[in-house]
Amino acid sequence: MSRALQRMAVEILELAHGTDDLVLIGIQRRGVELAQRIATLIKDQEGADVPRGALDITLYRDDLGTVGPNPVIGETHLPGDLTDKHAVIVDDVLYTGRTVRAALDELADFGRPKRISLCVLVDRGGRELPIQADIVGKAIKTSTGDRVEVQVEELDGRDQVDVVR
Amino acid sequence: MSASSTLGKDLTGLEHMTPEQIRLILDTAEPFKEVSERPIKKVPALRGKTIVNLFFEASTRTRISFEFAEKRLSADTVNVAATGSSVSKGETLVDTAKNLEAMRIDMVVIRHGSSGAAEFLGKRIASNVINAGDGKHEHPTQALLDLLTIRDKHGKIEGLKVCLVGDVLHSRVARSNLWGLTKLGADVAVCGPWTLMPRGIEELGVTVFGRVEEAIEWGADVLNVLRLQLERMEKGFIPSLREYYRVFGVTPERLERSPKPITIMHPGPMNRGVEIDSRVADGAHSVILDQVTNGVAVRMAVLYLLAGGRAELADAAKRAGGGGASE
């Protein structure tokens, strides 16, 4: 996982042409930890502190009424106004695309970034919306019943990606 | 998620709620505080839901607080007051609510002068019912916002000494607070004139004081000062407002006896110079306006949790879909 994150950090720098307008936005919960890791890697490489934010998309989900809420709503905090910034959304797994759809809606309520990109550790396919990632750590093939579980050191005590079939 | 962590259809009072349910609401209120600080103070969680605020008694703060909470969750709201509606033509409560339901509403927030009105209504209509104060019975969202404010200020509720001061007998705020505080493990006392103290209140496990000085000597961390409803004087519960202030008014002189700062709360509206001195209400340890701010967050949490459907379905969807939050 650390090699994938290293590569993702480099790709983000290329995509954003450096760190000037860059903002990393992690999606709760593991996206937040991954964004932190990437920010540390960028600091090691470029010496710059990239502003980071955390986004909880629970209140923007399109399925609250039908399947009920996940009652635990995480923290949302953004580093100031996003207008004219290049926001890079960071998440652990890209699947149906609905989380990203919700994140895009939520970000729009915080300003008008000049560009929003998507960076995910694992792309497992199975999209239900026309959404693609700009930067992918690893793409894997899965079927509907599978679960992709990402564990990160900070929350789970180790770095690991499991596909449970 | 255990079955006991969901709230059920209605919120009618804290008496029959579990500590886990109360904590769930307080924890859910935390992230909602931040929503009110955003440039756009609105999230789409309750888009398409219709909520009726049915107020049979006068209310400013509670009604506006509910309305802000509803609007910040993107619900559509309608306010119905008893005066100027068919209620004043003699329509019954259930008929009023059934007519509203025929227009396809989702939730009713009700304030009513009769104890038990919210529960009565909840059993007869399919919409979620939220009690915004019923007679002398309960005012659950007020107690929840009080609990949240205490937890913010002291970092915990368990083990704190909290004293309710004033007209406990007629106060639904006091009743809901007693249930909530004792369920969360606070050490609870009440203080006020004997004429305004319910009989047998000691049986609830609370300490009873006849003087504010005793509550301060007891080591109170929080004084929640209740509003003296002025019509009580005419009915002979107290001799005069001036005498009430002299004996039960929360004043700086009385608070000075405490070796530690005491957090001051009041559910509003305040009678300055009767139950509370202005220097205390506006003092450094007053969290009265924090209570108002927290009121919106707590009501957003209650609306969100009641509207959100069934937890067991959410669990099932998560198992099938590979993780709701990590898709």
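Values in this text are rule-based calculations from the coordinates and carry no lab data. What you see is a predicted model; the values in this text were computed from it and never measured. Every residue, glycine as well, gets a Cβ built from its backbone with ideal geometry; the counts of neighbours run over all protein chains shown.
Quick notes
- Cα gyration tensor, the range B:119-256 - rounded (a/c under 1.5), prolate or oblate: oblate
- For the range A:19-163: rounded, prolate or oblate by the Cα gyration tensor [a/c cutoff 1.5]: oblate
- Backbone amide hydrogens, once placed in the peptide plane, bring A:Ser117 within less than 5 Å of A:Ala87, A:Val88, A:Ile89, excluding anything fewer than 5 places away on its chain.
- Distances between placed amide hydrogens fall under 5 Å for A:Gly53 paired with A:Leu24, A:Ile25, A:Gly26, all partners being 5 or more residues away or on another chain.
- Qualifying aspartates and glutamates (Cα of each under 12 Å from Cα of A:Lys138; at least 8 residues distant if same chain): A:Asp92, A:Asp123
- Simple point charges give the picture: +1 on the Cβ of Lys and Arg, -1 on the Cβ of Asp and Glu, and for the protein assembly as shown a dipole about the Cα centre of about 920 debye.
- For the range B:49-68 versus the range B:88-122, the gap between their alpha-carbon centres in whole angstrom: 13
- Residue by residue, the range B:231-242 carries 3J(HN,Hα) couplings of 5, 5, 5, 4, 7, x, 6, 9, x, 7, 5, 5 Hz when phi is fed to the Karplus relation 6.51 cos²θ - 1.76 cosθ + 1.60 (θ = phi - 60°); x denotes Gly or Pro.
- Scanning residues 5 or more positions from B:Lys49 or on other chains, those with amide H under 5 Å from its amide H are B:Asp76, with H placed 1.01 Å from N in the peptide plane.
- Lys/Arg +1, Asp/Glu -1 at C-beta; chain B dipole; positive extreme among B:Leu11, B:Leu144, B:Ala126: B:Ala126
- Helix B:19-35 and the longest principal axis of the Cα set of chain B meet at an angle near 80°.
- Computed magnitude of the charge dipole of the range B:151-209 (debye, nearest 20; Cβ of K, R +1, Cβ of D, E -1): 180
- Each residue of the range A:105-121 was assigned a 3J(HN,Hα) from its phi angle through the Karplus curve 6.51 cos²θ - 1.76 cosθ + 1.60 (θ = phi - 60°); the sequence is 4, 5, 4, 4, 7, 10, x, 10, x, 6, 7, 10, 10, 10, 10, 10, 6 Hz, with glycine and proline shown as x.
- Estimated from helices alone, the mean residue ellipticity of the protein assembly as shown at 222 nm is -11000 deg cm²/dmol (sum of -39500 (n - 2.57) over DSSP H runs with n ≥ 4, per residue).
- Distance violations [Cα-Cα > 29 Å] among B:Lys49/B:Lys183; A:Lys114/B:Lys42; B:Lys156/B:Lys235: B:Lys49/B:Lys183; B:Lys156/B:Lys235
- Whole-Hz couplings from phi, Karplus 6.51/-1.76/1.60, listed for the range B:131-144; x for Gly and Pro: 7, 9, x, 10, x, 9, 7, 8, 9, x, 5, 5, 5, 5
- Label-zone membership for the range A:95-123, site A:Asp84, 7 angstrom Cα→C-beta point, backbone N under 16 Å: A:111-115
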